[in-house]
Structures are given as structure tokens and as C-alpha cells.
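One structure below.
The values are calculated or read from the model by the stated rules, or taken from the named source; none is laboratory data. Nothing here was measured: the structure is a model prediction, and the numbers come from that model. Neighbour counts are summed over all protein chains in view; Cβ atoms, including those assigned to glycine, are modelled from backbone coordinates with ideal geometry. Side chains included, ligands, DNA and RNA excluded: accessible areas come from the protein's heavy atoms. Shrake-Rupley method; radii C 1.70, N 1.55, O 1.52, S 1.80 Å.
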Amino acid sequence: MSDQPVIRISGLRKTYGDLAAVDGVSFEVRRGEIFGLVGPNGAGKTTTIECLEGLRQADGGEIQVLGLDPRRDGPALREKIGAQLQESALPDRIRVWEALDLFASFYAHSVPWEPLLEQLGLSEKRNAAFGKLSGGQKQRLFIALALVNDPALVFFDELSTGLDPQARRSMWDFIRAVRSAGKTVFLTTHYMEEAERLCDRVAVIDHGRLAALDTPENLIRGLGAENRVVFSTEAPVDPGMFRALPGVTRVEPVGERTIVYGRDDRLVVEVVNALSLDRIKFRDLRTEQADLEDVFLALTGREMRG
Amino acid sequence: MRGFWKLALTELKLYIREPIASFFTLAFPIMLLVLFGNIYGNKPNAFFGGLGFVDTSVPAYTAIIIGTTGLISLAISVASQREKGVLRRYKATPLRPLAFLGAQVITLYLMTAGGMVLLILTGKILYHLRFAGNVLNVWTGFTLSCAAFFALGFVLAGLMPTARSAQVAAMILYYPMMFLSGAAIPREVLPAGVRSFAKFLPMTPVVNLLRGLWNGDGWTGHGGDVLFLAGITLVFSLIAARTFRWE
């Protein structure tokens, strides 16, 4: 049983009129992993996650979530999963503790909610009305609600949208802690950095189809993309001095800046050595590596944003 | 029905915290009673068939409360919870639709009953309100009236896409009823033409039934009112069951 995938979907389809929002997506999610579904807005992420949660009825394909079919066993499945939805709300005048107390009462099995408030930094807000909370506080309350039934599987849909970078980082730490507590995490995001830092495996979805599925490292490596070393010098340097270095593919002078492209992991060492050897003073040296953003660009021919 | 009682308790607290809703349910009817009670008093009067103004107004104003909770509060609250995504969030839990609907009904029923009790107490204390009926009969008539108006409210909540449109639709139905059914203005004052038109408004049988039962009528003279209200309850509950949506 423990080797069984937590989620298994095969040929998932969901159409709205003529538009196929999800068009034959198949994948498996393993127990205890953080699985990310990434793609631009409108790619079919939310439709997919909502078919898994049983909020939407898939039109075709096989779906198994914790061994249940969301289309047939909705109530039994919802006992065992937690869900933070992309668009939802609570009554403005409900207090934080009342919301947790209320949602805990919906489940056959629930955990004490005070520790959840503590972990999410909401203890001081326990008597605050939902309508008076900031965006980040509301989001944290929704996470607490998603965990109040001690679910085996938690869904987070666009969790960090609208959070500032610092809040986003602490959210990542929290999600890692959720996974460490033995839960499986399924999330969607359109922040590639988030998927890269947080997810064990990433499924890239575009136009309702699965474009790629692997660990972030493998996806980036599979791209065979060049690394870049960028630096500035007081006088223009001769690009020729770098071309002979091992792994260098091309050199691009841009005014006083120089960009050296290459595939070797030691690229930066080679470039610095060459500069030192010729006693060339340089500053602002940095390396740029391919990331999931480049993977997405390569897979779909489009920027993620825009 | 897990979650039902906790949700009902929460809804009750939320209702009381909503100043406009609790004002119109609890305070506004008392204000009407005190305003007109001070003008007309509660002396027995041949115009009201030997009853006082307050004796006829307490059951009639109860119809106003039922209209406020059943039509306006219910339709706006459910439509707004759907519009904002509160119902979506409930849908992602094991909470059953019937438990949600039941919690709305019991909350509104208790609030309506609370409004009626305050009205009766005000009438008793300030105007020596008379009661010639049977408590069980009045309670039954009150419950049937609530059932009819809650069914109407649920249909409105299901049909109207937003809180705003639910509010507008509820107001359009509510105000003519309030003034023409004999609820806000005693039917004895209304012209015959208005009264014959008002026979078709759902608040009219509520006013007739509650006034009658309060002042000692049996059920026999009110078969038409009971049938009208039971019919509304049945038909609109069936429609509501088909039109209710979580999102």
C-alpha cells in the first residue's frame, strides 16, 4: 500500500464547451513528495487540481486519489485531503479561531488547531475577524484550514501569489515542514523559482497538455543550456582570449561588459584564471545559470509571464 | 450531518454581528410598534373588530420580520457567500449541502423567533398586549409562514448570480408585500382594490393567519391561508433544490 502512488491520473480530460482545458494529462504522484504543477495562467493547472479534489467533474480519463475516485467517492475523499483553493473566502465577520473550530467540526478526524495557529504565526490574530486580516494572513489561515483534518495529501493552488518575497520564502519553509510531517504535497504555481526551490518533481503543463515531468535539476540539465559568466572591465578585452578556454561556446562583448557562454561547470574558474593571468582588473563578476524559466521557454517557445 | 450544529451556531453569531440584518430583524419592528403604538394606543376599537391597534399589529409586524429574514437576509447572505467563494471553500470539505442549508434555516428561524419575542414583550410591557389564541397554534402558523418565506429566499439565492442582484430582487418583492399585505399598514385601512390584488401576495396569508390565530381563531377559517403557504413551501423548496449552487 505504501508503494502505491498517492495520485494516479491517466488521460485526464476536462472541456468547457469547445475548449479543452485539460487534454489528456497523465502522471503519478508518490507518497511524501512535493509535486509541482507549473504553467502559465490558463494552462489548465487549476482545472487539473480541482478535478483531483473533486470540486470539478472530469469529462474523461482515470483518476485515483488516495485510492479513491473523486467523481464517485467525493465525501470520503474530502475527509482525507486538505485543500487551499485559488479563489475562496470566509465570511468577513468570522473570527480566526471560529473558522478553525468550524472547519474542524466538518471532519470525522481533526487535530487541535491551536498548534497550527502557532506554527503559522497567527496566534495573535486568533480573535481577529477574517475581513480585517492582510492578504498574507488570510492565506496562512487557509493553510491552517487545509491542515485541520490532518490530511495525508494537501493541495495548494497558487499558494504564494500576492505574497512578498520574504513571506514567500517562509511559506516554502512551512511547506517543507508539512512534507517532513509525512504528508504528500501537490501544488500549482506560475513562479518557476518556487517550483525549482521547493518541488521534488515538476510537471510542466501548457495548453492543457503535459509538456515535461521530472526533477527540476533533470529538467534544467536536459535543456543542455549554456551557463554564462558576466563581468565588467575598464578597457574592452579581446574576446579571443576566452574562446580557447575549455567548454566555452561563444563570447559576447557588450561595451565594457563581457559575457562568456559555456557548458563546462568549471567555466567561472577558467574565466577568472584567464583574467588573473593577464592581470586584467575586473568587477561585478557573476554567473548566470539556466533555470526552469529557460526550460519553460524551450518547451513552449514562450515566456512564462506575458 | 457532521458540522451542522457548529455551522448553525457560527451563522447565528455572524447574523447578530451584521448590524443591518440584526437591526431590521430585532430593532426595526419594535420601533414601528412604539411609533404607531404611541399614536394609536391599544384601546379596543370596533374598527379592528373589538381589538386594539397593538393587538393586530404584533402578529402583522411578525410577518414583516419573516419577510426580512426569509426573503432579504437569506437571499443576500447565501448569494454573497457564493459570490465571494465561501461556499466553494465549504464544498472542498465533507460538509453536506443539506447540513449547510439546514444551518441557514435554523439560524434564520431562531432570529425570526427572537424578533417576534422582542415584539411581543414590547407589546406586553408598553401596551398591555392581549392574547386570545393558543400558543401551539400560533407557533405552528409562525413556523409554516417561515417555511414558505425561507423557500422563496432560497429560490432567489439560487437564481440571482450576485449578492447585489439578490438584494435588488428581494427588495422588489418585499416592499410591495410589506405595504399591501396588511403587514405594515392594517388591511382595514387599505382600499378594496388593493386588498383584492394583495390576496395573491405570499405575505397576505401570513398576516391573515397570524392575526387570526393570535386573536383566537381556529384553523377552520384559515384553510385558504394554510393551503397557500403550504403550496409555496412545497413548490419553492423543489425549485430551490434544483437551483441551489455552491458556485
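From the list A:Ala58, A:Ala99, A:Ala104, A:Ala43, the one residue that fits, being out of contact with any helix residue (DSSP H, G or I) (no Cβ under 6 Å at 6 or more places or on another chain), surrounded by 17 or more Cβ atoms within 10 Å (Cβ to Cβ) and assigned to a loop (DSSP other than H, G, I, E, B), is A:Ala43. Looking across B:Ala8, B:Ala63, one residue alone is more than 14 Å from chain A (Cβ to nearest Cβ), crowded, with 18+ Cβ neighbours inside 10 Å and of a type in the set (A, V, I, L, M, F, W, C). It is B:Ala63. Looking at segment B:126-208, the helices (runs of 4 or more DSSP H) lying wholly inside it that each contain 3 or more residues that are under 21 Å from B:Thr112 (Cα atoms) sit at B:135-159, B:163-180. With respect to the conditions (1) of a type outside the set (Asp, Glu); (2) within 11 Å of another protein chain (Cβ to nearest Cβ); (3) touching a residue at least 24 places away in the same chain (Cβ under 8 Å), A:Leu163 lacks only one, and its number is (2). You will find that of A:Arg168, A:Arg78, A:Arg126, the residue that is of a type in the set (Lys, Arg), in contact with a Gly (Cβ under 8 Å, 6 or more places away or on another chain) and free of Cβ contacts under 8 Å to residues at least 40 places away in the same chain is A:Arg78 and no other. The set of residues in segment A:5-24 that are of a type in the set (A, V, I, L, M), over 22 Å from the mean Cα position of the chain (by Cα) and outside any strand (DSSP E or B) is empty.
If the condition is being among the small types (Gly, Ala, Ser), modelled with pLDDT of 95 or more and part of a helix (DSSP H, G or I), then segment A:124-141 contributes only A:Gly131. Would a scan of segment B:66-82 turn up a residue that is surrounded by fewer than 22 Cβ atoms within 10 Å (Cβ to Cβ), among the aliphatic types (A, V, I, L, M) and in a helix (DSSP H, G or I)? Checked against the condition, which is being surrounded by fewer than 22 Cβ atoms within 10 Å (Cβ to Cβ), among the aliphatic types (A, V, I, L, M) and in a helix (DSSP H, G or I), segment B:66-82 yields no hits at all. Looking at segment B:136-162 only, could you name the residues that are crowded, with 19+ Cβ neighbours inside 10 Å, over 18 Å from the mean Cα position of the chain (by Cα) and aliphatic (A, V, I, L, M)? Listed by number, the list holds a single entry, B:Met160. For segment A:78-96, a residue qualifies if it is in contact with an Asp or Glu (Cβ under 8 Å, 6 or more places away or on another chain) and part of a helix (DSSP H, G or I), and exactly one does: A:Arg78. So, A:Pro70, is that one surrounded by 15 or more Cβ atoms within 10 Å (Cβ to Cβ), part of a loop (DSSP other than H, G, I, E, B), within 14 Å of chain B (Cβ to nearest Cβ) and not charged (D, E, K, R) or not? The answer is yes for A:Pro70.
For A:Ile81, the test of being open to solvent by less than 40 Å² (accessible area, probe 1.4 Å) and more than 11 Å from every other protein chain (Cβ to nearest Cβ) is failed. Residue under question is A:Glu196, and the condition is that it be among the acidic types (Asp, Glu) and touching a Lys or Arg at 6+ places or on another chain (Cβ under 8 Å); does it hold? No; evaluated as a whole, the condition is false for this residue. Of the residues making up segment A:150-189, those that are in contact with a helix residue (DSSP H, G or I) (Cβ under 8 Å, 6 or more places away or on another chain), assigned to a loop (DSSP other than H, G, I, E, B), modelled with pLDDT under 90 and open to solvent by 10 Å² or more (accessible area, probe 1.4 Å) number 3. In segment A:129-149, of all residues being surrounded by fewer than 16 Cβ atoms within 10 Å (Cβ to Cβ) and more than 13 Å from chain B (Cβ to nearest Cβ), the one that is farthest from A:Tyr191 (Cα to Cα) corresponds to A:Ser134. Within segment B:168-221, being touching a Pro at 6+ places or on another chain (Cβ under 7 Å) and charged (D, E, K, R) holds for one residue alone: B:Arg211. For segment A:84-96, a residue qualifies if it is open to solvent by less than 40 Å² (accessible area, probe 1.4 Å), more than 7 Å from every other protein chain (Cβ to nearest Cβ) and more than 23 Å from the chain's Cα centre (by Cα), and exactly one does: A:Val96. If the condition is being among the aliphatic types (A, V, I, L, M), more than 9 Å from chain A (Cβ to nearest Cβ) and open to solvent by less than 50 Å² (accessible area, probe 1.4 Å), then segment B:11-48 contributes B:Leu12, B:Ala21, B:Leu26, B:Ala27, B:Ile30, B:Leu32, B:Leu33, B:Val34.
Annotation note: Cβ proximity below 7 Å between a residue of segment A:37-61 that is within 14 Å of chain B (Cβ to nearest Cβ) and a residue that is part of a helix (DSSP H, G or I) and among the acidic types (Asp, Glu) (sequence gap 6+ or interchain) occurs for A:Arg56/A:Glu50.
Looking at segment A:227-243, can you tell me whether even one residue there is among the hydroxyl-bearing types (Ser, Thr, Tyr) and farther than 30 Å from A:Ile9 by Cα? Yes; the residues of segment A:227-243 include at least one that is among the hydroxyl-bearing types (Ser, Thr, Tyr) and farther than 30 Å from A:Ile9 by Cα.
Across segment B:224-247, the qualifying residues are those that are open to solvent by less than 40 Å² (accessible area, probe 1.4 Å) and more than 19 Å from the chain's Cα centre (by Cα), and the one among them that is farthest from B:Gly133 (Cα to Cα) is B:Trp246.
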